[in-house]
Each structure stands twice: as C-alpha cells, then as structure tokens.
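Enquirer: Sharing a structure, written as structure tokens. Questions coming.
Throughout, read-outs are computed from the coordinates displayed, never taken from laboratory work. Keep in mind it's a predicted model, so treat the numbers as computed, not measured. Cβ atoms come from the backbone with ideal geometry, glycine included; neighbour counts cover every protein chain shown.
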Amino acid sequence: MFRKKILVFLSVGFLLLAGCTSSELPKNTILFIGDGMGFEQVKAAGMYLNGQANVLGFEFLQYGGQVKTRSASSAITDSAAAGTSIATGVKVNNGVISLRIPGNEEKLLTTLEYFKAMDKKVGLVSTTFISHATPASFGAHVKSRGKYKDIVKDYLSNSKPHVLLGGAKHISRKDAEKAGYTVVTNRDELLKHDTKSNAPLSGQFGKDHLPYEADGLGKLPHLTDMTITAIKILENHDEGFFLMVEGGKIDHAGHSNDLKRNIYETIEFAKAVQAAVDWAAKRGDTLIVVTSDHETGGLKVIKNNGKGNLPDVIWSSKGHTGVNVPLYATGKNAERFKGTIDNTDIFRFITQPDIVPAAKKPALQTVVN
Ligand SMILES: [Zn+2]
C-alpha cells in the first residue's frame, strides 16, 4: 500500500519535474538539525568560542530566518512531532513518528524516502542513539516515539538508509549485518571504513547515546567525524544524496540546564556544518540547511564574559519552549530559506523543484491522499 503511494507521489513529483526540468532540485541535500538549539544557544556558543555573538560558523551562511515549531497537539512540540513536520511537511501530535495522527494514521512519505525513491543515496547521522525521535522521523513510521525496536526494524527492512550512524542502544550488530550492513563501533573503524564500498554502513557507537563532547568521547567519533564519513560514502553516486545530521545532545544539556555541555555540543554541531559547507563550497549542486526542531531550557544570555568563558545566562525551563528557532541555508535553492517559515515548509522547500504560492497548488503530501 505504502509503495503504491510512493509511486503516486513520485509520478506527481515527476510530472512537476517534467514541467520545469529536474535541474531545479539540488543533486545533494544536507539537512542539519540542532535538537533543542534556539537563538540563545547559538549566541552562548559563539561568545564562548569566538568572544562575541553572531559569529558562529553557520551564522555566516548566505540565507537565514526563523522557524515556527508548534505541533498539531501543542504550542510546545516534542522532537517526534517537530521531526515529522520537517521530514514530511505534515503536523502531527507530540510523540508521533511520521504517521498522519490526528487523521487516518497513514504513513507520511519522508524526505529520506522521497529522495531514495528518486534513486539518490540517503543517510541519517545523530549523536543520540540512532532510533531516537529526530532520525526516526526520517526513516520510520510508528505511533509512539518510544517504540525503538519497531523503529530499528523500519530502518533495516523498509527505509534502509545507506548510512546510519549514531549511539548503539536498541540496534544490534546481528540485525544490521543480517540486513546487509557493514558495522563499525568506534572512531578508528569509522575513519578506516572503505567509503567506496557499496554495502550500507551502520555505526553503532557506545552503549546508549554518544557521550557529551564536554566529557570527552574516548574511542567514539565526534559528530564531525560521522558527518565527513557519511558524505564520503554518499557522494560516491551519480544521482546524488540526501543526508540528515542531528546534533542531538544540545537538547539533553538543555533539559539539565547544563551550559558548558550545551555550548560544547553546539560548537561541535557548528564544526560538522562547516565540514559539509567546505565540501559543498565549490560544487554548486548541493543545498545545505541548518535548523532546529525546538528550543530547550528557555535559555537567555545575560552577559558575554569573553572567549573561553561561559557567559552569564538564565534558564527558565527544564523542558522545551515554543519560541521560534534559527534557520540558515546555503547552496542551490537556499534563497527559499528566509524570513519566518513554518517547520512544515522545510519539507516543501527541499522536495519541490519549483515553488509557487501554496494557495495555487496543493502540497505534494495532499495530492497523495
Ligand atoms: Zn528534549
């Protein structure tokens, strides 16, 4: 049933393509999501790293704006509903992973599935364990984000990303190998991996989420290592690729109002973005989008204490907040990512070869119904 829907979806997509040439979609799309990363988190990290605000790497990308984050069920979203909005262009209730809830519970086609069906290579990278809500929104369909085993099953038997790199909890070497994946479990193995190999790669690092950057990663890879390896694997393909990279633990440090860990996670996230920007700089065929799913902690920076010193801040929450989150973009079609947009717009801006006012043409997901 789902496969049939993909075909319907794609035939609509290709009709659109036929009308305006496929060159209007970038060959490669890299989407970075800083989980829990609001404007104040970016400001705090910039002050610590560079001594001033507004100079953290991705803040220099050509286009930028902000994103509204509410879910179908709440003004304050969780990562499952926000991830689903970004991945599918449809608002769902908190906790839901890429199923139409509220609604008929049908599977919603994700950007990852859309690009895979176009014969592009696809990948998911996160510092959380790989079946956590944000990556799951792109590669799985479950009613509740806590169904980690079902999410892994969806990855390994349905969406089958070419690259799956993250914390090891809930995914096993045995299951991944059975599904044809090569498995690596530490930084050394990851960096030595033959990126020309056609076998899909499952990085299963540590025992849970990856550790915090501020605590040291030992033998485990940094987000930048995972991002660079993922790009090396995926670039090896004429049709191009889609890659989602999540800085997943900015959120965790936000929940515990831990400024140092929060800043270190954001800085590493910025490094990973920079690696992708440097790779794409001379190509002209790649879109890079950097955003967040929601803010975590109600952070407010009060005073800059200079480079290498934590700024003075106030945290007003141990949970998520409903404020708009940052948006930055560079490369092909990046001009779409400006002003104040809704998180559902990201799906549309990434997947549609031409953008016309929504009122004149239904969104692709609506056509699928
Ligand atoms: Zn959270």
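Enquirer: Between Asn104 and Lys192, what FRET efficiency comes out of the Förster formula 1/(1 + (r/R0)^6) with R0 = 45 Å and r the beta carbon distance, rounded to 0.05?
Expert: My answer for the efficiency is 0.45.
Enquirer: Provide the three semi-axes, in whole Å and in decreasing order, of the ellipsoid equivalent to the range 74-183 as defined by the square roots of 5 times the Cα gyration tensor eigenvalues.
Expert: Largest first, the range 74-183 gives 22, 15, 12 Å.
Enquirer: I've got another one for you. Please give the charge dipole size of the chain, origin at the Cα centre, charges +1 on K and R Cβ atoms and -1 on D and E Cβ atoms. Round to the nearest 20 debye.
Expert: Taking the Cα centre of the chain as origin, the dipole is about 560 debye.
Enquirer: Antiparallel DSSP bridges in the chain: what percent, to the nearest 5?
Expert: Once the DSSP bridges in the chain are tallied, antiparallel ones form about 30 percent.
Enquirer: Counting pairs of alpha carbon atoms under 8 Å apart in space and at least six apart in sequence, what relative contact order in percent does the range 174-250 give?
Expert: This gives 28 percent for the range 174-250.
Enquirer: While we're on this one: Taking amide H atoms as placed 1.01 Å from N in the peptide plane, list the residues 5 or more away in sequence, or in a different chain, whose amide H sits under 5 Å from that of Val122.
Expert: For Val122, the qualifying residues are His162, Val163, Phe242.
Enquirer: For the range 315-345 and the range 46-112, compute the distance between their C-alpha centroids and round to whole Å.
Expert: Centre-to-centre distance over Cα atoms comes out at 7 Å.
Enquirer: Here is a further query. Restricting to Cα pairs below 8 Å that are 6+ residues apart, what does the relative contact order work out to for the range 132-233? Please round to a whole percent. Can you show the working numbers first?
Expert: Values: 139 pairs, mean separation 26.6, N = 102.
Here the relative contact order equals 26 percent.
Enquirer: Right, here's the next one. Distance between Cα centroids, the range 253-275 to the range 182-244: provide it in whole Å.
Expert: So the separation of the two Cα centres works out to 19 Å.
Enquirer: May I ask you to sort Arg261, Arg173 by Cβ crowding, counting other Cβ atoms within 10 Å and putting the fewest first?
Expert: Neighbour counts put them in this order, fewest first: Arg173, Arg261.
Enquirer: If you build a Gaussian network model of the chain, linking Cα atoms that sit under 10 Å apart, which residue out of Asp312, Asp345, Asp285 swings the most?
Expert: In the Gaussian network model the winner is Asp312.
Enquirer: Okay, next question. Sorted by mean Cβ packing within 10 Å, highest first, what order do the peptides 52-63, 320-331 take?
Expert: 320-331, 52-63
Enquirer: Under a point-charge model restricted to the Cβ atoms of Lys and Arg (+1) and Asp and Glu (-1), what is the dipole moment magnitude of the range 220-288 relative to its Cα centre, in debye to the nearest 20?
Expert: In total the dipole reaches around 260 debye.
Enquirer: For the range 113-170, what Kirkwood radius comes out of the mean inverse Cα-Cα distance, in Å?
Expert: 11.3
Enquirer: Along the charge dipole of the chain, pointing to its positive end and built from +1/-1 on Cβ of Lys, Arg, Asp and Glu, which listed residue (Asn186, Ser202, Pro221) has its Cα farthest out?
Expert: Projecting each Cα onto the dipole axis, the largest value belongs to Ser202.
Enquirer: Something else about it: Among Gly167, Gly240, Leu109, pick out the residue whose Cα is farthest towards the positive end of the charge dipole of the chain, where Lys and Arg carry +1 and Asp and Glu carry -1 on C-beta, about the Cα centre.
Expert: Toward the positive end, the furthest listed residue is Leu109.
Enquirer: How many nm is it between the label spots at Ile302 and Glu239, if each spot is 7 Å from the Cα in line with the beta carbon?
Expert: 5.5
Enquirer: Need the full-extension length gain, Asn54 to Lys149, defined as separation in residues times 0.36 nm minus the C-alpha distance. One decimal, nm.
Expert: My answer for the length gained is 30.1 nm.
Enquirer: On to the next question. Considering all projection directions equally, how large on average is the shadow of the alpha-carbon convex hull of the chain, in square nanometres?
Expert: Hull-based average projected area comes out at 16.5 nm².
Enquirer: Follow-up question, since we're still on this one. Please list 3J(HN,Hα) in residue order for the range 32-44, calculated via the Karplus relation 6.51 cos²θ - 1.76 cosθ + 1.60 where θ = phi - 60°; whole Hz, with x for glycine and proline.
Expert: Those phi angles translate into 9, 10, x, 5, x, 9, x, 4, 6, 5, 5, 4, 4 Hz.
Enquirer: Sticking with this one: Please name whichever of Ala281, Val92, Ser316 sits farthest to the positive end of the charge dipole of the chain, dipole taken about the Cα centre and charges placed at Cβ: Lys and Arg +1, Asp and Glu -1.
Expert: The one lying farthest along the dipole's positive direction is Val92.
Enquirer: Another question, if that's okay. In what sequence, highest mean first, do 131-143, 100-112 appear when ranked by Cβ atoms within 10 angstrom?
Expert: Details: 131-143: 27.4, 100-112: 19.5.
Taking the mean over residues of other Cβ atoms within 10 Å, the ranking is 131-143, 100-112.
Enquirer: Continuing with this model, one more query. Would you mind calculating the relative contact order of the range 219-350 from Cα pairs under 8 angstrom and at least 6 residues apart, reporting the percent as a whole number? Before the final figure, lay out each step's value.
Expert: Details: 165 pairs, mean separation 29.1, N = 132.
Reported relative contact order: 22 percent.
Enquirer: For every helix of n ≥ 4 consecutive DSSP H residues, a contribution of -39,500 (n - 2.57) applies; sum these over the chain, divide by its total residues, and give [θ] at 222 nm rounded to the nearest 500 deg cm²/dmol.
Expert: On the way: 13 runs with 129 residues, N = 369.
Computed ellipticity for the chain at 222 nm equals -10000 deg cm²/dmol.
Enquirer: If you don't mind, there's one more thing I want to ask. I need the semi-axes of the equivalent ellipsoid of the range 253-348: take the C-alpha gyration tensor, multiply each eigenvalue by 5, square-root it, list largest first in whole angstrom.
Expert: On the way: eigenvalues 157, 66, 23 Å².
Gyration-tensor ellipsoid for the range 253-348: 28, 18, 11 Å.
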